[in-house]
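Asker: Sharing a structure, written as structure tokens. Questions coming.
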Amino acid sequence: MADLDGLIAPRLARLSASRQRRLLRAPDPALIDVSSNDYLGLSRHPRVIERACEWAHRHGAGSRASRLVTGTTQAVLDLEARLAAFKGTEAALIFATGFQLNSSVLPVLFELAPSGTRPLLFTDRLNHASLHAGSHSIRQIRYHHNDLGHLDELLAANRGQAGELRFIVTESVFSMDGDRTDVAALARLAERHGAILYLDEAHATGVLGPGGRGLAAPAQDIVAPAALVIMGTLGKALGGAGAYVAGSRALIDWLVNRCAGFIYSTAPQPAAFGALDAALDLVPAMDAERARLARLAEDLRAALRERGCDTLGSTTQIVPAVIGDEAAALEAAHMLEAAGVLAVAIRPPTVPTGTARLRFSLSTALSDAQFDAVLAAVRALPAP
Ligand SMILES: *Cc1c(COP(=O)(O)O)cnc(C)c1O
């Protein structure tokens, strides 16, 4: 008899034995949250909530159909035009989630390779799972994390035949390390090698760059619009849900025609569009909040380094504290929790083996008193 449960049970047991089993749990809401990606506190901003409610009242709880059927309103088209203006591109398209976007947009781009050729794909080793999910169809040529010299060598060694498409896919801020890609240098490399650049701005959007527009702008000065694809998410600093891809008009028109993850999916909820509408009003004027966020991150890194913790290359609101051993990382997370601080331990396979860590993601929603409590809890951790 077919028995999925019988096949699953020993596998779950193996995960438990190696302490890699993941369990859903509901964190105590009284804890000070330094694990969410709500970097500007917008998920709780009264105007964002109010606008989400307004859109739900006006357009409904759900969008009722996919975008190409009845899921598009003039208000949604206006919102996409605002997003494109925010990112400095000709056009933009909203998806229900970033995972859906990356996993369904990349294959459409690879399909553009001239017939008889195979696209070449160069990826940072630490790219997000959704970028991998979009890359199953072709072999990835992986470069060492943020090592543009290595990427340069790989591009030189894998020239491909004439007419072959080459893609460089990376995050502009890395979700688990909190370090940045040198976007200008990367764009020069892409330009020199004639490669297409795909930038994931999930953790930069709203937080970094002038007006919180992200880190892509230097690439836009170097790479032609037709060789640049930018995506970002709406559920992190922008406080709502969903994701956008921004680029040339032709790219967006092609995705509307070819991208299964867009075409065959119900349009995002009106409330999510409403939240974005308000976030786009607020984010450009939040320089003071962005400056405070940067200061909090500096102070946290200093406190962690005093404890002897490696914070890797973090220069952003995402601050890792590498513990190394998985059990020790869990123990550190428990100690912080006992001190009232929610800093989740991140373990392999989300991060490379031997680099289990606490991942702090800071937010301007933290009061000074709450942040002081985080620093005190960090200072009380045993040195690794
Ligand atoms: C969160 C994240 C995504 C996925 O976005 P969702 O909207 O949460 O599905 C994609 N890329 C990176 C780098 C992310 O951190």
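FYI, it's all coordinate maths here, none of it is from the lab. Predicted, not measured: the structure shown is a model, and the values here were computed from it. Virtual Cβ from ideal backbone geometry, glycine too; neighbours counted across all protein chains shown.
Asker: Name the long-range amide H neighbours of residue 121: under 5 Å, sequence gap of 5 or more, or other chain; modelled H, no Pro or chain starts.
Answerer: Those qualifying (amide H under 5 Å, at least 5 residues apart or on another chain) are 141, 167.
Asker: What Kirkwood hydrodynamic radius do you get for region 248-384 when you take the inverse of the mean 1/r over all pairs of distinct Cα atoms, in Å?
Answerer: Here the Kirkwood hydrodynamic radius works out to 17.6 Å.
Asker: With a cut-off of at most 16 other beta carbons within 10 Å, and DSSP calling the residue loop, which trypsin sites (Lys or Arg not before Pro) in region 3-103 qualify? Please list them.
Answerer: Those that pass, being in a loop and sparsely packed, are 19, 21, 22, 25, 64.
Asker: Going highest first, how would you order 330-341, 107-118, 261-272 by mean Cβ packing within 10 Å?
Answerer: Listed from highest to lowest mean packing, they are 261-272, 330-341, 107-118.
Asker: Shifting gears a bit: In whole Hz, with x marking every Gly and Pro, tabulate ³J(HN,Hα) for region 341-349 from phi via Karplus 6.51 cos²θ - 1.76 cosθ + 1.60, θ = phi - 60°.
Answerer: Running phi through 6.51 cos²θ - 1.76 cosθ + 1.60 with θ = phi - 60° gives 10, 9, 10, 6, 7, 10, 10, x, x Hz.
Asker: Determine ³J(HN,Hα), in whole Hz, for all residues of region 297-306 in sequence, where each value follows from phi through the Karplus function 6.51 cos²θ - 1.76 cosθ + 1.60 and θ = phi - 60°; x replaces Gly and Pro.
Answerer: So the Karplus estimates, Gly and Pro as x, are 5, 4, 5, 5, 4, 4, 5, 5, 5, 4 Hz.
Asker: Let me know the Kirkwood hydrodynamic radius for region 119-165, please, with Cα pairs as the basis and the value in Å to one decimal.
Answerer: 11.3
Asker: Related question: Could you state the per residue volume, in Å³, of the convex hull enclosing the Cα atoms of region 14-97?
Answerer: Taking only Cα atoms, region 14-97 has a hull volume of 217 Å³ per residue.
Asker: Over region 24-171, consider all pairs of different Cα atoms and compute the Kirkwood hydrodynamic radius from their mean reciprocal separation; express it in Å, one decimal. Please report the intermediate quantities before stating the final value.
Answerer: Details: mean 1/r = 0.0522 Å⁻¹.
With all distinct Cα pairs of region 24-171 included, I get 19.1 Å.
Asker: With springs only between Cα atoms under 10 Å, which of 77, 362, 40 fluctuates most in a Gaussian network model of the chain?
Answerer: Its mean-square fluctuation being the largest, the pick is 77.
Asker: With the chain treated as a Gaussian network of Cα nodes joined by springs under 10 Å, which of 227, 61, 216 yields the largest mean-square fluctuation?
Answerer: 61
Asker: Report ³J(HN,Hα) in whole Hz for each residue of region 21-27, in order, from the Karplus equation J = 6.51 cos²θ - 1.76 cosθ + 1.60 where θ = phi - 60°; Gly and Pro get x.
Answerer: 6, 9, 10, 6, 9, 9, x
Asker: Among the GluC sites (Glu not before Pro) within region 51-93, which fall in a DSSP loop and have no more than 12 other Cβ atoms within 10 Å of their own Cβ?
Answerer: Those that pass, being in a loop and sparsely packed, number zero.
Asker: Ok, one more. Under a GNM of the chain (C-alpha, springs under 10 Å), which listed residue has the highest mean-square fluctuation: 317, 20, 140?
Answerer: Evaluated over the chain, the most mobile residue of the options is 20.
Asker: Which order do 145, 57 fall in if you start with the one that has the fewest other Cβ atoms within 10 Å?
Answerer: Fewest-to-most ranking of 145, 57: 57, 145.
Asker: Run the numbers for residue 257 and residue 144: contour at 0.36 nm per residue of separation, minus the present Cα-Cα distance, in nm.
Answerer: Length difference between fully extended and current span is 37.2 nm.
Asker: Just want the answer: with Cβ charges of +1 for Lys and Arg and -1 for Asp and Glu, which residue in 156, 140, 210 is farthest toward the dipole's positive end in region 46-284?
Answerer: Farthest along the dipole direction, towards plus: 140.
Asker: In whole angstrom, how far apart do the alpha carbon centroids of region 1-57 and region 201-231 sit?
Answerer: 28
Asker: Would you please state the base-10 log of I(q)/I(0) at q = 0.20, 0.24, 0.26 1/Å for region 98-138, with intensities from the Debye formula using one equal scatterer on every alpha carbon?
Answerer: Each listed q corresponds, in turn, to -0.59, -0.79, -0.89.
Asker: Still on this structure: Taking H placed 1.01 Å from N in the peptide plane, check which residues at least 5 places from residue 360 or on another chain put their amide H under 5 Å from its amide H.
Answerer: Amide H neighbours of residue 360: 319, 321.
Asker: At most 12 other Cβ atoms within 10 Å and a DSSP loop assignment: could you name the trypsin sites (Lys or Arg not before Pro) in region 125-161 that fit?
Answerer: 139, 159
Asker: Going by amide H atoms built from the backbone, whose H comes under 5 Å of the H on residue 41, apart from near neighbours?
Answerer: Hits under the 5 Å cutoff: 364, 365.
Asker: Kirkwood-based Rg over Rh for region 46-284 (C-alpha set), two decimals?
Answerer: 0.97
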